[in-house]
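The values are calculated or read from the model by the stated rules, or taken from the named source; none is laboratory data. None of these values were measured; they are calculated from a predicted model. Neighbour counts run over all protein chains shown; Cβ positions are idealised from the backbone, glycine included. To get the accessible areas, we keep the full protein, side chains included, count just its heavy atoms, and leave off ligands, DNA and RNA. Shrake-Rupley method; radii C 1.70, N 1.55, O 1.52, S 1.80 Å.
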Amino acid sequence: ESNVTLTDSLNVEKASADFGELVITEVFADPDPPIGPYTDEFVELFNRSDHPIQLENFNLCDASSCMNLPDIILESGEFIILSSGLFPDSVSCYSSSGFPSLNNSEDQLTLKNSSGMIVHLLTYSDQWYDDSEKQEGGYSLECISPDIICGEDYNWTASIASSGATPGYLNSVFSQDL
């Protein structure tokens, strides 16, 4: 006999994520030359669902490696930065030596939930910068609208932030209108 109640079952179910509820919203693949304070590669995740998501046993993978995400709950509307480096205290960041090395020109990133199901898939390219100077490094690629989860090239562009990136904050190119 189980001690799990209906309420417990609902909480466990809502702690996971379905496709498109947790999305990649910023990729900083080429920090050199540094434009601002960010000197390490990172990926920003955003919880666009209406419920908290337990990140334990989630993975961020590229073609060569996977990073296990931390045992934390990401509230609805919150960001987390995944990196191999450290970020200011004001930014929610999980730093790990297991962070995948991001290819500067292009890479495929896969975010999988604790059941191994794909939550978000992004195949980015340095052509998305639409700016040859920013394409040389120091600027992140930012998602324009996190509500368009399958619009790759037309929903991404170079950051226009003076720091070259906006980790943990609303993207500098954010717009609801594409």
- Query: Tally Lys/Arg at +1 and Asp/Glu at -1 over every other residue whose Cβ is under 12 Å from the Cβ of residue 99; what's the total?
  - Reply: -3
- Over every pair of different alpha-carbon atoms in the stretch 125-168, take the mean of 1/r and invert it; report that Kirkwood radius in Å. 10.7
- Rounded to a whole number, what % of the accessible area of the stretch 31-178 do carbon and sulfur atoms account for, probe 1.4 Å? 46
- Message: At 1.4 Å probe radius, can you tell me the per residue accessible area of the chain in Å²?
- Response: 50
- Item | 10 Å beta-carbon shell around residue 119, net charge (K/R +1, D/E -1) | -1
- Note on the structure: Expressed in angstrom and rounded, the centroid-to-centroid distance over alpha carbons for the stretch 132-178 and the stretch 34-77 is 16
- How large is the convex hull of the Cα atoms of the chain per residue, expressed in Å³ as a whole number? 117
- To the nearest 500 deg cm²/dmol, what mean residue ellipticity at 222 nm is calculated for the chain from DSSP H runs of n ≥ 4 alone, each contributing -39,500 (n - 2.57), summed and divided by the residues? -1500 deg cm²/dmol
- Query: Once both labels are modelled 7 Å past Cα along the beta-carbon direction, what's the residue 108-residue 162 spacing in nm?
  - Reply: 4.0
- Item | 19, 87, 42, reordered so the largest accessible area comes first (probe 1.4 Å) | 19, 87, 42
- Which Cα, out of 52, 100, 31, lies furthest along the positive dipole direction of the chain (beta carbon charges, K/R +1, D/E -1)? 52
- Task: Using the Karplus curve 6.51 cos²θ - 1.76 cosθ + 1.60 with θ = phi - 60°, work out ³J(HN,Hα) for each residue of the stretch 157-165 in order, rounded to whole Hz, and write x for Gly and Pro.
- Result: 7, 5, 4, 10, 5, 5, 7, x, 6
- Query: Does the stretch 36-77 come out rounded, prolate or oblate by the C-alpha gyration tensor, with a ≥ b ≥ c the root eigenvalues, rounded set by a/c under 1.5 and, if not, prolate when a/b is larger than b/c and oblate if not?
  - Reply: oblate
- Query: What is the calculated FRET efficiency for residue 118 to residue 174, with r their C-beta to C-beta distance and R₀ = 25 Å, to the nearest 0.05?
  - Reply: 0.55
